[in-house]
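Here is the structure we will look at.
The values are calculated or read from the model by the stated rules, or taken from the named source; none is laboratory data. Just so it is clear, the model here is predicted, and its values are computed rather than measured. Glycine gets a Cβ as well: all are built from the backbone with ideal geometry, and neighbour counts include every protein chain shown.
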């Protein structure tokens, strides 16, 4: 792994936190490979020298949006443990996307720097006391934030274009469907009607 030399005995003496998150329950249900890859980070921690008894998987935020820290009990638990200096490393698929806010990542990075906690993802090991690691993580966070803004803009533009053509379809309440002509009708399935 890129940057493995940054991991010291001091880091390995403290707990490794594996943080899992997906934005919606639909993602958890339909993107099972992502969930499996996140759980596999536990094996990465073992391969990097942490004892299995010193690895904690935090998966309470699966299906919870990262748009803010509100309602993210797992993230709060992670930050509390970080503040107490109990954490040697935090593992995530993409550290720059632990949250959707640059401010949230900046707070996490600053606490990691102050407590000598490493942040580890598929790209490598980030030691936040190193200027280059802080810079790289900051750039990745900014790019992730811009990517979300651009994607949201594209989705909104596509909805507007469909609405202008009179073709915008919104999800219907249970029991209704669109027929072949695009009209909203009661679902002909007798089980659904029941």
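Restricting 57, 90, 18, 46 to residues that are at pLDDT 95 or above, surrounded by fewer than 19 Cβ atoms within 10 Å (Cβ to Cβ) and not in a helix (DSSP H, G or I) narrows the list to 57.
So, residue 118, is that one farther than 17 Å from residue 141 by Cα and in contact with a strand residue (DSSP E or B) (Cβ under 8 Å, 6 or more places away or on another chain) or not? Criteria not met by residue 118. Every test in (1) in contact with a strand residue (DSSP E or B) (Cβ under 6 Å, 6 or more places away or on another chain); (2) free of Cβ contacts under 8 Å to residues at least 12 places away in the same chain is passed by residue 90 save one, and that test is (2). Which one is surrounded by the fewest Cβ atoms within 10 Å (Cβ to Cβ) among residues in the range 93-116 that are assigned to a loop (DSSP other than H, G, I, E, B) and under 18 Å from the mean Cα position of the chain (by Cα)? Looking at residues that are assigned to a loop (DSSP other than H, G, I, E, B) and under 18 Å from the mean Cα position of the chain (by Cα), I get 94. Among the residues of the range 131-174, those identified as surrounded by 15 or more Cβ atoms within 10 Å (Cβ to Cβ) and at pLDDT 85 or above are 133, 134, 136, 137, 138, 140. Out of curiosity, is residue 66 surrounded by 14 or more Cβ atoms within 10 Å (Cβ to Cβ), in contact with a helix residue (DSSP H, G or I) (Cβ under 8 Å, 6 or more places away or on another chain), modelled with pLDDT under 95 and outside any strand (DSSP E or B)? Taking the combined requirement at face value, the residue satisfies it. Only one entry of 98, 105 meets the criterion of being in contact with a strand residue (DSSP E or B) (Cβ under 7 Å, 6 or more places away or on another chain) and touching a residue at least 24 places away in the same chain (Cβ under 8 Å), and that entry is 98.
Within the set 34, 10, the sole residue that is at pLDDT 90 or above and not in a strand (DSSP E or B) turns out to be 10. Scan the range 117-125 and give yes if some residue there is free of Cβ contacts under 8 Å to residues at least 24 places away in the same chain and not in a strand (DSSP E or B), otherwise no. No, there is no match, as no residue in the range 117-125 is free of Cβ contacts under 8 Å to residues at least 24 places away in the same chain and not in a strand (DSSP E or B). A search for C-beta distances below 6 Å between a residue of the range 167-182 that is at positive phi and any residue that is modelled with pLDDT under 85, counting only pairs 6+ apart in sequence or on different chains, returns 175/192. For the range 126-160, residues that are part of a strand (DSSP E or B) and closer than 20 Å to residue 101 by Cβ total 1.
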